[in-house]
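Here is the structure we will look at, set down as structure tokens.
The values are calculated or read from the model by the stated rules, or taken from the named source; none is laboratory data. Given the structure is predicted, the values throughout are model-derived calculations rather than measurements. Here the Cβ positions follow ideal geometry from the backbone for every residue, glycine too, while neighbour counts run over all protein chains shown.
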Amino acid sequence: MTTLVADSLVFARRNIAHIRQVPEKLFDVTLQPIMFTLLFAYVFGGVIAIHDGSYREYLIGGVMVQSLAFGIMGPASAIATDLREGVVDRFRTLPTVTGAYLTGHVLAELAAILIAIAILSLSGLIVGWRIHSDLPHALAGYALLTYFAFAMIWLGTWLGVTVRTPDAAQGLVFLVMFPMTFLASTFVPLGGLSPTLATIASWNPISAITAAVRELFGNPTGMPADPAWPLQHPVIAALGWSTLVLLIAVPLALRGFRRRTAG
Amino acid sequence: MVYDNDVRGTNKLGVEAEGLGKRYGDLWALRDLDLAVPAGSVFGLLGHNGAGKTTALKILTTLATPTTGRASVAGHDVVTHGARVRACIGVAGQAATVDGLLTARANLVMVGRLYHLSPAAARARADELLAQLELADVATKLVKEFSGGMKRRLDLAASLVARPQVLFLDEPTTGLDPHSRNSLWDLLRAQVKAGTTLVLTTQYLEEADRLADHIAVLDHGVVAAQGSPAELKARFGGERIAITLMDAAAIPRAAAALSAFVDGVVVEYPEARQVVIPVRTGTRLVEVVRALDAAGLDAHDVHRREVTLDDVFLAITRRERAVKEAA
């Protein structure tokens with residue numbers, strides 16, 4: 001067990017060194033959310049009305065969840081690159097604990113995600129977002145964000161051991177995550193959508209997770225009068241969705257890694 | 001047969017294999033490989049691409065599981081005691097498996113840490129190896145900026161980090177310039193002198209000749225010939241004269257005209273309009289040219305060369321292979 005931790009930390013340190021060398025790797029979880037915050041706050045903010053508060057306070061929960069959803073990208077392209085370049089074969093000839101390579105990636109991505117959450121909170125504060133709940137709820141909000149990010153990282157790990165090239169991973173993430181994060185209450189309240197779209201968005205896990213974050217931070221939720229079940233119980237739904245992703249992604253990632261590296 | 005790995009760990013065999021085979025789908029990449037490499041010796045696996053060299057190495061380094069047979073490295077079974085094997089081997093693959101986004105030094109420190117050296121020991125070992133492999137000047141450079149040869153040297157350094165009992169190198173000098181090749185050979189000799197068992201694959205007979213105590217020639221997954229370099233050369237070696245004719249149709253006439261000089265199996269390469277003749281020692285080039293001239297044959301090129309792996313292969317598998325390749 002201690003060797004697993006030690007080996008994972010060596011691998012995690014490697015990934016963090018990569019980020020130091022190629023800071024662009026962090027753009028999707030740092031600069032991109034700042035850009036979204038500014039664009040939505042200043043460009044769309046004026047035309048999107050939230051019945052229970054200000055749009056900027058509404059927006060930040062959405063941007064946070066969207067950024068963390070894109071946390072799939074980091075591990076997916078890093079692992080796909082490693083597998084393609086054969087560096088994993090070298091690791092497998094070393095007396096390291098099986099699985100440490102993957103847990104190392106997850107640890108490094110989590111560290112990057114925590115930085116991203118801090119940057120997001122700061123940029124939120126700058127545009128006028130505030131936490132209106134008490135400390136336990138605020139902490140619960142951050143814990144929920146981290147748990148969701150953890151699930152997304154494992155989803156990305158599974159993707160990374162499945163796809164053949166890092167480009168494929170990137171393309172797939174964009175193709176799935178852009179519609180998924182937009183067809184939700186991420187940036188616009190559900191009341192503004194057509195009935196069909198509103199139904200889809202209500203059951204989109206991203207909507208439940210943003211609603212949970214908004215609720216825990218005491219931000220406006222822009223909730224319609226009679227929302228769907230997941231939006232009535234957003235915290236439970238958010239935990240449920242994240243747990244479901246983990247239950248599926250972790251075993252598949254481990255199995256996929258064994259398969260890719262079996263000779 | 002049942003072996004006790006711990007008892008075997010005390011004997012003097014570096015690498016052992018019995019009936020080792022690996023099947024991918026319907027294809028046997030390796031069949032019936034028997035090895036007995038004494039500790040502190042050099043064993044060369046020769047063969048073309050796809051001959052099964054890399055497959056054999058993958059099994060011995062625990063990267064692949066054998067379909068048949070068994071193997072042990074430094075006395076540990078590669079299937080049942082993979083972790084023990086990994087703790088006492090060093091591996092450098094065909095592709096330089098170093099991390100481009102780390103510095104040379106960081107790569108070696110990382111590998112040292114993964115061998116569970118202390119941070120200080122890993123750093124000290126990294127610096128020692130960087131100096132030994134003439135990489136000290138570029139220690140803090142990112143590896144992605146390295147030339148192919150520098151990457152290979154760093155890869156080799158990574159395989160030496162834990163002072164392995166058994167070192168496996170897959171085509172270590174492919175793509176290296178002559179100077180780097182010579183210094184790498186020197187380094188490997190020094191390692192072996194210090195007691196390391198070395199198993200290397202190569203496409204170059206010359207390399208195996210310079211380094212190996214024992215050679216196995218693999219062809220389509222099967223050992224086609226085995227022995228010391230001297231034995232193999234005595235069987236298949238000697239000088240060759242390669243004649244490139246103006247017309248492939250003239251090959252049989254050329255072979256007939258030169259029969260007096262032949263010592264071994266003549267190999268024809270119709271697609272290259274070439275015939276390669278193993279000649280008796282002392283044959284002079286001018287005699288060959290005169291004989292061709294006397295037969296009324298014109299040649300585009302006539303030259304003398306040392307025996308190559310190709311020649312050994314073709315000598316082993318006779319003409320069938322040359323015919324098959326031409327088809």
Quiz item: When segment B:59-117 is examined, which residues are found to be among the basic types (Lys, Arg), more than 7 Å from chain A (Cβ to nearest Cβ) and buried (at least 20 other Cβ atoms within 10 Å of the Cβ)?
Solution: B:84, B:105
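Just to be sure before I move on: is residue A:67 over 30 Å from residue A:223 (Cα atoms) and either at pLDDT 90 or above or surrounded by fewer than 23 Cβ atoms within 10 Å (Cβ to Cβ) (or both) in the structure I sent?
Values: over 30 Å from residue A:223 (Cα atoms): no; either at pLDDT 90 or above or surrounded by fewer than 23 Cβ atoms within 10 Å (Cβ to Cβ) (or both): yes.
Spelling it out, it is not the case that residue A:67 is over 30 Å from residue A:223 (Cα atoms) and either at pLDDT 90 or above or surrounded by fewer than 23 Cβ atoms within 10 Å (Cβ to Cβ) (or both).
Would you point out which residue out of A:105, A:132 is within 14 Å of chain B (Cβ to nearest Cβ) and in contact (Cβ under 8 Å) with a residue 60 or more places away in the chain? Walk me through it before giving the result.
Details: A:132 fails: within 14 Å of chain B (Cβ to nearest Cβ).
The conditions single out A:105.
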Quiz item: Residues of segment A:81-102 being among the small types (Gly, Ala, Ser) and at the interface with another protein chain (Cβ under 9 Å from one of its Cβ atoms), which ones?
Solution: A:86, A:100
Quiz item: Which residue pairs have Cβ atoms closer than 9 Å, lie 6 or more positions apart in sequence or on different chains, and pair a first residue in segment B:67-96 that is of a type in the set (Asp, Glu) with a second residue that is surrounded by 24 or more Cβ atoms within 10 Å (Cβ to Cβ)?
Solution: B:77/B:85
Practice problem: Output the number of the condition that residue B:116 fails; it satisfies all remaining conditions of (1) under 25 Å from residue B:39 (Cα atoms); (2) of a type outside the set (D, E, K, R); (3) in contact with a helix residue (DSSP H, G or I) (Cβ under 6 Å, 6 or more places away or on another chain). | Solution: (3)
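To keep it simple, each residue is scored yes or no on (1) crowded, with 24+ Cβ neighbours inside 10 Å; (2) among the basic types (Lys, Arg); (3) over 30 Å from residue B:111 (Cβ atoms).
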residue	(1), (2), (3)
A:63	yes, no, yes
A:74	yes, no, no
A:83	no, no, no
A:89	no, no, no
A:112	no, no, no
A:128	no, no, yes
A:144	no, no, yes
A:148	yes, no, yes
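Among the listed residues B:181, B:163, B:152, B:189, identify the single one that is closer than 27 Å to residue A:5 by Cα and among the basic types (Lys, Arg).
On the way: B:181 fails: closer than 27 Å to residue A:5 by Cα; B:152 fails: closer than 27 Å to residue A:5 by Cα; B:189 fails: closer than 27 Å to residue A:5 by Cα.
It is B:163.
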Practice problem: Select from segment A:216-230 the residues that are under 20 Å from residue A:68 (Cβ atoms) and without any contact (Cβ under 8 Å) to a residue 40 or more places away in the chain and list them in ascending order. | Solution: A:230
Quiz item: Are there any helices (runs of 4 or more DSSP H) wholly within segment B:163-255 with 3 or more residues that are over 30 Å from residue B:113 (Cα atoms) and acidic (Asp, Glu), and if so which?
Solution: B:205-211
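From the list B:124, B:139, which residue is on the phi < 0 side of the Ramachandran plot and out of contact with any Lys or Arg (no Cβ under 6 Å at 6 or more places or on another chain)?
Working: B:139 fails: out of contact with any Lys or Arg (no Cβ under 6 Å at 6 or more places or on another chain).
After applying the criteria, what remains is B:124.
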Exercise. Check whether at least one residue in segment A:15-31 is of a type outside the set (Ser, Thr, Tyr), within 14 Å of another protein chain (Cβ to nearest Cβ) and surrounded by 20 or more Cβ atoms within 10 Å (Cβ to Cβ), and report yes or no.
Key: yes
Practice problem: From (1) closer than 21 Å to residue B:110 by Cα; (2) over 19 Å from the mean Cα position of the chain (by Cα), pick out the condition that doesn't hold for residue A:19. | Solution: (2)
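For segment B:84-102, give me each residue that is assigned to a loop (DSSP other than H, G, I, E, B) and of a type outside the set (Gly, Ala, Ser). Can you show your working first?
Kept after step one, since they are assigned to a loop (DSSP other than H, G, I, E, B), are these residues of segment B:84-102: B:88, B:93-102.
Those that are assigned to a loop (DSSP other than H, G, I, E, B) and of a type outside the set (Gly, Ala, Ser): B:88, B:94, B:97, B:98, B:99, B:101, B:102.
Does residue A:98 satisfy the condition of being more than 24 Å from residue A:158 (Cβ to Cβ), out of contact with any Gly (no Cβ under 7 Å at 6 or more places or on another chain) and at pLDDT below 85? Working first, answer last.
Values: more than 24 Å from residue A:158 (Cβ to Cβ): no; out of contact with any Gly (no Cβ under 7 Å at 6 or more places or on another chain): yes; at pLDDT below 85: yes.
In short, no.
One line per residue, one yes/no per condition, for (1) under 26 Å from residue A:81 (Cβ atoms); (2) among the hydrophobic types (A, V, I, L, M, F, W, C):
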position: B:135; (1), (2): yes, yes
position: B:142; (1), (2): yes, yes
position: B:148; (1), (2): yes, no
position: B:166; (1), (2): no, yes
position: B:174; (1), (2): yes, no
position: B:183; (1), (2): no, no
position: B:197; (1), (2): no, no
